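Values quoted throughout were computed directly from the atomic coordinates according to the rules given, and no laboratory measurement underlies them. Keep in mind that what you see is a predicted model, and the values were worked out from it rather than measured. So basically every Cβ, Gly included, is an ideal-geometry build from the backbone, and we count neighbours across all protein chains shown.
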Amino acid sequence: MYSQKLQDNIANKRFNALTLNSASKFVLPKIKDLYLFTINYKTAPVPIREKFAIQEYILPTCNKFLKQCNSISAFLILSTCNRTEIYFTASDLNNALSSIYELFAKELKIEEKVVKEYNNLISNDDVVHHAFKLACGLDSFVMGERQILSQVKHAYSISQKEKALENTLELLFQSVISSAKDVHKITNLSKNSQSISSAAIDLANSICGPIKTKSVMVLGAGKMAKLALEHILKIGGAKETVVLNKSPHRVIEFADKYKIDKSIPFENVYETINDIDILIVATGAPHFILFAEQFKPIRKDTGKELFIFDISLPRNIEPEFGRLPNIKLFDIDSLQSTYNQINTSISNEDLNNAELIISSGITRFYEQVNKKELNTLIKDIKQEVEAIRTEKLRVLTENKISFTKEEVDYITQNIINTILHKPVKNLKDSNPNGSLENKSDVLRELFNL
């Protein structure tokens, strides 16, 4: 159960969201020229998604490429094991998409026909809703995972440093991150499995027998490897925990924290595989690093079961490994399929409360956009009026240092008439069966008539 304070918090959010949404058709602006180019676990399988993975080492190059594209005003790149997404604003969508196709062709060597076949394009308000659900973990195959929020925050930080954002994207991701934090704080959505790494451990614990009776090797020493080791400890530890990484000093850094029994050099990986029950692979390598043909000659017991969970993207284990006798190989997609079968569903209460917080966050975002647009409009009006005033004064008062009352009256009337000329003309030209009534109502309200 939630504490009374949290229940009140949710109740307040419900009231605010309902109140604001009831008036949304009058006050909320329509987002324009905002797009999302996405290739994700719903549109493409692992062998395709891994082609689109934008690794950290190539991200600066991709950012530089998009910044030089005149058709793209602002952008944010998000690349995870389950998706590659480019959020962008553009006044010319076709040219912007051509630039994105060129990016994947030039930097990742992907043919345009492949890009077109597997991508999905989302626009305007749908982008807003997608971004909020994504950051809260509602668009992940591990429902409610926290890791995606960290990845969104990292992508936002990078785009800020690159100065690749503008008002709409800046406001959007500030609002998205804030709402996602509220979802994780107020609901129990992420209480259980919080990442793909922990899902892999839960799955291993379920289908391989209790992990506490098994020898487990984690290949990698990055974020996902650490999350896997954390979850092993959380569920009671393993019979033996072995860690392998090409950089031994990285393993030493957290050996005590995660109660690692031993670490081994990478060159001994195939020999060590003979002695373990479960292999969790989570490295940042952009290619296969373990091959079936190299393991077969030194395999000691073909009757011994080995479970391999490759949660890397791109994949690190050659698919042929899964065809060897008594070796069960799970990549991210097969992990998802099996995990969904054993995973208990998240409570409707948590889902409803998460949706409520998201709804409130979206409304606040639109209010901020409205306020920004209004401030910009007011600034533009003031500049236009000031330009008219300055020019009229220059023309009407040239070579004069004093004025009669009649002259001041003429000058001020002339300035006012010039300022009102365009608005009055546009009002008269309005459609009497449509826009005229709306404009008349607005003007009466603005001038308190």
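For the chain, which span is the longest to avoid every loop-located (per DSSP) member of GluC sites (Glu not before Pro) having at most 15 other Cβ atoms inside 10 Å? The partial results should precede the final answer.
Working: sites that count: E56, E111, E166, E305, E398.
Within the chain, the longest run free of exposed GluC sites (Glu not before Pro) spans 167-304.
Using alpha carbon centroids, what distance separates the range 260-287 and the range 155-196, in Å?
33
Near Q174, within a Cβ-to-Cβ distance under 14 Å, what is the net charge of the other residues, with Lys and Arg +1 and Asp and Glu -1?
Details: positive: K153, K181, R364, K371, K372; negative: E166, E170, D182, E367.
Cβ neighbours under 14 Å give a net charge of +1.
Taking the Cβ of A200 as the centre, find all other residues whose Cβ is under 11 Å away and add up their charges (Lys, Arg: +1; Asp, Glu: -1). Could you put the intermediate results ahead of the total?
Values: positive: none; negative: D202, D310, D331.
Net charge around A200: -3.
Compute the long axis of helix 332-342 from its Cα atoms, compare it with the longest principal axis of the Cα atoms of the chain, and write down the angle in degrees, 0 to 90, nearest 10.
80
Once every DSSP H run of n ≥ 4 in the chain is given -39500 (n - 2.57) and the sum is divided by its residues, what mean residue ellipticity at 222 nm do you get, rounded to the nearest 500 deg cm²/dmol?
Details: 18 runs with 243 residues, N = 449.
When only DSSP H runs of four or more count, the value is -17500 deg cm²/dmol.
Calculate how steeply helix 4-22 sits against the longest principal axis of the alpha-carbon atoms of the chain, using the helix alpha-carbon long axis, and give the answer as 0 to 90 degrees to the nearest 10.
With rounding to tens, the tilt is 50 degrees.
Where does the longest stretch of the chain lie that holds no chymotrypsin sites (Phe, Trp or Tyr not before Pro) found in a DSSP loop with 14 or fewer other Cβ atoms within 10 Å? Please list the in-between numbers first.
Working: sites that count: Y57, F291, F403, F447.
Maximal segment without exposed cleavage sites: 58-290.
Specify the angular offset, from 0 to 90 degrees and rounded to the nearest 10, of the alpha carbon long axis of helix 435-446 from the longest principal axis of the alpha carbons in the chain.
With both axes taken from Cα atoms, the answer is about 80 degrees.
Among (1) 58, 25, 18; (2) 36, 30, 19; (3) 42, 27, 20, which one is semi-axes √(5λ) of the Cα gyration tensor in Å computed from these coordinates?
Identified label for the calculated read-out: (1).
Which of L97, L229, L393 ends up with the largest GNM mean-square fluctuation for the chain, with Cα atoms connected below 10 Å?
L393
What is the sum of charges, Lys and Arg at +1 and Asp and Glu at -1, for the other residues whose Cβ falls under 14 Å from the Cβ of I298? Provide the component values of the computation, followed by the final result.
Numbers: positive: K296, R299, K300, K304; negative: E267, E271, D275, E293, D301.
Once positives and negatives cancel, what remains is -1.
So how far, in whole Å, is the C-alpha centre of the range 393-449 from the one of the range 289-324?
79
Note down the magnitude of the dipole of the range 196-342 about its Cα centre, charges +1 on Lys and Arg C-beta and -1 on Asp and Glu C-beta and zero elsewhere, to the nearest 20 debye. Don't skip to the end; give the middle numbers.
Numbers: 18 positive and 18 negative charges, 54 e Å.
Charge dipole, the range 196-342, about its Cα centre: 260 debye, nearest 20.
Any aspartates and glutamates with Cα under 20 Å of the K212 Cα? List them, leaving off those in the same chain fewer than 8 positions away.
Answer for K212, where 20 Å is the Cα cut-off: D202, E230, E240, D256, D261, D275, D277, E305, listed by chain and number.
Would you calculate the separation in nanometres between label points at K42 and L374, each defined as 7 Å from the Cα along the Cα-to-beta-carbon direction?
3.4
Pick from N245, N119, N94 the residue whose mean-square fluctuation is largest in a GNM of the chain, springs joining Cα atoms under 10 Å.
N94
Under a crude label model (7 Å from the Cα following the beta-carbon direction), how far is S123 from Y270 in nanometres?
Distance between the two pseudo-spin positions: 5.4 nm.
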